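Comments concern the structure below.
The values are calculated or read from the model by the stated rules, or taken from the named source; none is laboratory data. All of these numbers come straight from a predicted model, not from anything done at the bench. Cβ atoms come from the backbone with ideal geometry, glycine included; neighbour counts cover every protein chain shown. Quick note on the areas: whole protein, heavy atoms, side chains included, nothing else; ligands and nucleic acids left out. Shrake-Rupley method; radii C 1.70, N 1.55, O 1.52, S 1.80 Å.
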Amino acid sequence: MSAILEIRNVTRRFAGLVAVNQVSFTLAEGEILGLIGPNGAGKTTLVSLISGTLAPTHGEILYQGNPIGNLPAYRRARLGIGRTFQIMRPFPGLSVLDNVAVGALFGRGGGQPDLAQAREQARACLDFVGLGRAAGQRAEALGGPGRKRLELAKALAMQPRVLLCDEVMAGLNLVEIDEVIDVIRKVRATGISVLVIEHVIKAIKSLSNRLLVLHHGEKIADGPPGEVLANAEVVQAYLGRQRA
Ligand SMILES: Nc1ncnc2c1ncn2[C@@H]1O[C@H](COP(=O)(O)OP(=O)(O)O)[C@@H](O)[C@H]1O
Ligand SMILES: [Mg+2]
């Protein structure tokens, strides 16, 4: 399997804090890779480093074999790197459909050239994530589960080749989690490679046959979920958090 994304010794500091420390891994073409770790482990920072909303302090990020670590976020989006945001901020005053159409206008290859086409693509993405019926609503009117789907639709409207999902199942009930799992499987089936950050271990295990663990900014495990979840350092990282 060839790598679509390669992270090489990436470090990100914030003043005195090392949020991501010498992390290396690859995302294979067509893979769903799971990423877990306690709160504050550096997961969202890593997504921002890959999508370009943050620049690495050290290290290299390769996409389809080319270094992208110094490109601004919009250029990376045009190349095909899409992400969802853990903190959801829909464009206020815009309908659900137009929130997604914005993604379509700025997507891979420069996006759709006009609003009518962007809206058409947005509608297809809303149907894809199961939010078609909410298209005409104002985005702020959506509840938590709807906003998670909206995040997915916005990212998909950019027609990414790599999708970085930052806790898209957080706050969902078991039925909604299963529905989002199905959406992510469908995403992969369209040929998109996916990185899934998730606390719901059952969801990660059902989606992915490879799991990566971050703790205090460092990668402490990378392998099949069964092995990784039995790893003493991983167990300690989670137990330590529960005791705290
Ligand atoms: N913009 C920022 N400025 C300063 N510190 C930050 C910033 N973003 C994240 N951090 C810190 O970096 C660490 C990792 O955060 P984050 O990547 O959000 O973790 P996770 O997503 O795994 O919960 C935390 O200690 C957090 O407080
Ligand atoms: Mg986070």
statement: Pairing a residue in the range 204-217 that is under 14 Å from Cys165 (Cβ atoms) and without any contact (Cβ under 8 Å) to a residue 60 or more places away in the chain with any residue that is among the charged types (D, E, K, R) and outside any helix (DSSP H, G or I), where Cβ atoms lie under 9 Å and the two sit 6 or more apart in sequence or on different chains, gives none
- prompt: Of the residues Leu172, Leu195, which is out of contact with any His (no Cβ under 6 Å at 6 or more places or on another chain) and under 17 Å from Ala28 (Cβ atoms)?
  reply: Leu195
task: With respect to Val47, determine if the residue is part of a strand (DSSP E or B), of a type in the set (Val, Ile, Thr) and either surrounded by 14 or more Cβ atoms within 10 Å (Cβ to Cβ) or not assigned by TED's automatic domain parsing to the domain that holds Glu198 (or both).
output: no
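Just to be sure before I move on: is Ala55 open to solvent by 30 Å² or more (accessible area, probe 1.4 Å), over 12 Å from Ile7 (Cα atoms) and within 16 Å of ligand 1 (Cβ to nearest atom) in the structure I sent? Spell out how you get there, then give the answer.
Working: open to solvent by 30 Å² or more (accessible area, probe 1.4 Å): yes; over 12 Å from Ile7 (Cα atoms): yes; within 16 Å of ligand 1 (Cβ to nearest atom): yes.
Yes.
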message: Against the conditions (1) away from ligand 1 (no atom under 16 Å from the Cβ); (2) within 23 Å of Leu172 (Cα to Cα); (3) in contact with a helix residue (DSSP H, G or I) (Cβ under 6 Å, 6 or more places away or on another chain), where does Ser95 fall short? Just the number, please.
response: (3)
message: Given the condition away from ligand 2 (no atom under 16 Å from the Cβ), surrounded by 14 or more Cβ atoms within 10 Å (Cβ to Cβ) and either outside the structural domain of Tyr238 (by TED's automatic domain parsing) or assigned to a loop (DSSP other than H, G, I, E, B) (or both), answer yes or no: does some residue in the range 17-29 qualify?
response: yes
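Considering only the range 71-176, give the helices (runs of 4 or more DSSP H) lying wholly within it that have at least 2 residues that are within 16 Å of ligand 2 (Cβ to nearest atom) and either without any contact (Cβ under 8 Å) to a residue 24 or more places away in the chain or surrounded by 14 or more Cβ atoms within 10 Å (Cβ to Cβ) (or both).
On the way: elements: 73-79, 96-105, 115-129, 144-157.
In the range 71-176, 144-157 are the helices (runs of 4 or more DSSP H) which contain 2 or more residues that are within 16 Å of ligand 2 (Cβ to nearest atom) and either without any contact (Cβ under 8 Å) to a residue 24 or more places away in the chain or surrounded by 14 or more Cβ atoms within 10 Å (Cβ to Cβ) (or both).
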